[in-house]
There are 2 protein chains.
Amino acid sequence: MIIDVHGHYTTAPKALEEWRNKQIANLKTPELGPKVSELKISDDELRESIETNQLAKMKERGSDLTIFSPRASFMAHHIGDFNTSSTWAGICNELCYRVSQLFPDHFIPAAMLPQSPGVDPRTCIPELEKCVKEYGNVGINLNPDPSGGHWTSPPLSDRHWYPIYEKMVEYDIPAMIHVSTSCNACFHTTGAHYLNADTTAFMQCLTSDLFKDFPTLKFLIPHGGGAVPYHWGRFRGLAQEMKKPLLDTHVMNNVFFDTCVYHQPGIDLLNTVIPVKNVLFASEMIGAVRGIDPTTGHYYDDTKRYIEASKILSADDKHQIYEGNVRRVFPRLDARLKSKGL
Amino acid sequence: MIIDVHGHYTTAPKALEEWRNKQIANLKTPELGPKVSELKISDDELRESIETNQLAKMKERGSDLTIFSPRASFMAHHIGDFNTSSTWAGICNELCYRVSQLFPDHFIPAAMLPQSPGVDPRTCIPELEKCVKEYGNVGINLNPDPSGGHWTSPPLSDRHWYPIYEKMVEYDIPAMIHVSTSCNACFHTTGAHYLNADTTAFMQCLTSDLFKDFPTLKFLIPHGGGAVPYHWGRFRGLAQEMKKPLLDTHVMNNVFFDTCVYHQPGIDLLNTVIPVKNVLFASEMIGAVRGIDPTTGHYYDDTKRYIEASKILSADDKHQIYEGNVRRVFPRLDARLKSKGL
C-alpha cells in the first residue's frame, strides 16, 4: 500500500473561499459576518472536487491513501482572533472529515488547529479532541508561527506548547509542523517561509531537550525537512559543539521527514543522509508546485517517480517509506487499516 | 590558486570584544562609552591571531587566499542605532584591512556595512566607499535583515536597497548576502537564521525582476545557498508558475553559491544541480562548525576535501570553483592578482 502523508484540501469548492472572504471582511463586525450555517457544500460538490483532482492523480500515479488536512496556506492563523480561527478550523476540519467519509478507502483526515497569535495553545484542545474522537483524525498540523512570518511565538521546545504535546501523547498522534501563509513581505510563502519553518523547527528540537520530556512525541517535518538533509553535516557538527547526544538518539527517534522534494537529486540526497526509518512518503500534490518539469516531462510533485527511480533504496526500503514507517508514525491510521483487515 | 571567498575574522584579539561590550553597555550614554582610540590592538597581536588560526589551517588544508570580512555574528546590526553600527563597522573593517596589509598574499578584505534597522541603506555608502577606495576591499557583506531575525526591512528587490546596488555596480563589487546574530528566540543563529536568510534572499530574487534593473549586480549566497539546491525542482517549478524566465537567465547570471556545506553528499548535490559557473569555493573556517566529523576524522568545515573527492567535477570544474569563478565574480580581486602577475 502507498500512503501519502501530506495532502491538503487545496481544491475545495469555491463556496469555502467565499465564506472565508466574508468572514475576513467582517472581522471587526463579526455579528454581521457569515454564519457557519450559511456555508452550503453538498456531498456531490465534495465528491467532484476530489474525484477530478486528488483522487484522479492518486489513481494515475499509483498511490492508495492520503492523509488529508485543510489547505495549509488557508489556515492563516494570523487573521482575526481565536474566535475567527476557531470557526474557520471547525469548518475546514469538517470538510476533510466529510471527504474521508465519502472516500473512506482513499482519504483519512488530519486536523488543523484553531491557533491564534498570542493565544494559549491550550485553547486548541477542544477542536483537537473533537477531530480525534468524532472525526477519526490520525494526526494534526501544528503551526510553529501563527503570526504568519513574524515568529512571535516561543520555540516549539517551550512549555507554551506542552498542553498540545500532552494531548498528542495521550492520543498517540503525530504533528506535522506546518506554517501557513506568510504576511511578512520578506518571505514568499511556499518558496521561503515553508522551508525556513522546517529548518527552524528541526533546530528548535536540536537545541532543546524536548524529547526527554516527551519521549514518544512525534514531529513530521514536511518538504523533505527544509534545508536539514542538505546541511546534515552542519547539524551534526552543531549538535556536537553543543555537547548534545548524536542526532540518532537526540532527535531521530522523534523527528521524521516527508518526501516533498521535487527533483531526483534532492530525493537521492534525502535518502543518502537520512535513515530510511525517518522518511515518509508524501507529495503535497496539487499544492505549491503544480506544473510539469520540462526536463522530465512529468509533474514536479509526482514524488513517487523519484522514489521508484532511486538507486539508493531497496524494495524493502521503499515499502517502509510508502507504508511501514507511516503505520509506525501514525498508530491510529495503522489501527484503522488493521480493523479493515489491511 | 585556491581562493576561499568566505572567511570571517572570528579570532580577533579579545580586546575587540571587550570594546564592543563597553559600547553596548553605554548604548544610552554614548558619551561615557569607549572611544575608538581606546581600542589598542598591535600588529603583533593581529599577526598571532591569524598565524595560529586561519593561516595555519589554510596551509594545512592547502588554500592560498581568503576573502576576509568581519565576524558575521558580531555585526549585530540590531544593536543600538546608526552611530553604534557606524563606529563598530569602522573598527571591524579597519582590522580586516590591517590583516590584509600584514598578510597581503593570503588575505584580501570584504567590508561589513554600518546597517541599522529602519535606517536608509544610503547611510552605508561612505563606509563602503572608504573600504573600496582606501582599504582595497573587493566585496561587501549585505545583511538583508538588520533587525536580527525580525525581518522588518523590505525584500532585497525593493528600491530601499538600490543606493547600495548602484555603488556595487559602479565599483564592480559583489555582495555576499549574510545575516548576523538572531535576537529572535525562534531562530538559532547558525543553524536556522543563516540558512533561512539564504533561502529567503534567493526567493526574493526569483520573485522579482531585480536583475533587469541591475544586469551586472552580483549576489553571493553563502552556506551553499541555504535550502535552494536541495529544493531546486521546487524553485524551478515556482518560477514556472509565476511565468518567470528559466532560472538560468532569470537569476543565474547574477546569483552565486558558495561551498560552505559540511558533508560530502551535500557538496555532491550542490554540484549536481547548480552549474559549475555559479559555485565558488568557500569554507567559512573557524566559524559555525569547528569540530571534527567522527564519521570522517576530518574537520566538518574542511570543504576542500569534499571538492577534491567529488566524482562529479572535472579537474577544470574544480579550477573554476577554486579560482576562475572567483576572479569573474570579484573583478577587483582579479585585477589585484593580475597586478601581481598572478
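The values are calculated or read from the model by the stated rules, or taken from the named source; none is laboratory data. A quick note: this is a predicted structure, and the numbers were derived from the prediction, not measured. Please note: Cβ atoms are built from the backbone with ideal geometry, for glycine as well, and neighbour counts cover all protein chains shown. To get the accessible areas, we keep the full protein, side chains included, count just its heavy atoms, and leave off ligands, DNA and RNA. Shrake-Rupley method; radii C 1.70, N 1.55, O 1.52, S 1.80 Å.
Annotations
- Filter pass, residue A:214 being of a type in the set (Phe, Trp, Tyr), buried (at least 24 other Cβ atoms within 10 Å of the Cβ) and either more than 9 Å from chain B (Cβ to nearest Cβ) or under 27 Å from residue B:296 (Cα atoms) (or both): no
- Taking (1) open to solvent by 30 Å² or more (accessible area, probe 1.4 Å); (2) over 16 Å from the mean Cα position of the chain (by Cα) in turn, residue A:181 satisfies each apart from (2).
- The set of residues from region B:217-235 being more than 7 Å from chain A (Cβ to nearest Cβ) and of a type in the set (Lys, Arg) comprises just one member, B:218.
- Residue list for region A:1-13, restricted to those being open to solvent by 30 Å² or more (accessible area, probe 1.4 Å) and in contact with a Cys (Cβ under 6 Å, 6 or more places away or on another chain): none
- One residue from B:32, B:16 being assigned to a loop (DSSP other than H, G, I, E, B) and open to solvent by 10 Å² or more (accessible area, probe 1.4 Å): B:32
- The one condition in (1) buried (at least 19 other Cβ atoms within 10 Å of the Cβ); (2) in contact with a strand residue (DSSP E or B) (Cβ under 6 Å, 6 or more places away or on another chain) that residue B:292 fails to fulfil: (1)
- Residue within region A:228-248 that is closer than 25 Å to residue B:270 by Cβ, buried (at least 19 other Cβ atoms within 10 Å of the Cβ) and touching a strand residue (DSSP E or B) at 6+ places or on another chain (Cβ under 6 Å) present: no
- Taken over region A:121-159, residues that are over 17 Å from the mean Cα position of the chain (by Cα) and farther than 19 Å from residue A:86 by Cα amount to 9.
- Taken over region B:217-227, residues that are assigned to a loop (DSSP other than H, G, I, E, B) and either aromatic (Phe, Trp, Tyr) or surrounded by 24 or more Cβ atoms within 10 Å (Cβ to Cβ) (or both) amount to 3.
- Which listed residue is in contact (Cβ under 8 Å) with a residue 60 or more places away in the chain, at the interface with another protein chain (Cβ under 7 Å from one of its Cβ atoms) and out of contact with any strand residue (DSSP E or B) (no Cβ under 8 Å at 6 or more places or on another chain), from B:200, B:190: B:190
- Once region B:1-39 is narrowed to residues that are small (Gly, Ala, Ser) and within 25 Å of the chain's Cα centre (by Cα), the residue that is nearest to residue B:302 (Cα to Cα) is B:7.
- Scanning region A:169-178 for residues that are assigned to a loop (DSSP other than H, G, I, E, B) and either under 25 Å from residue B:200 (Cα atoms) or open to solvent by less than 10 Å² (accessible area, probe 1.4 Å) (or both) yields A:173, A:174, A:178.
- Test: residue in region A:75-85 that is at pLDDT 95 or above and under 13 Å from the mean Cα position of the chain (by Cα): yes
- Check on residue B:102, under 22 Å from residue B:130 (Cα atoms) and at pLDDT 95 or above: yes
- Qualifying residues in region A:127-162 (those that are part of a loop (DSSP other than H, G, I, E, B) and more than 14 Å from chain B (Cβ to nearest Cβ)) - the one most open to solvent (accessible area, probe 1.4 Å): A:134
- Some residue of region B:258-265 being surrounded by fewer than 24 Cβ atoms within 10 Å (Cβ to Cβ) and within 25 Å of residue A:233 (Cα to Cα): yes
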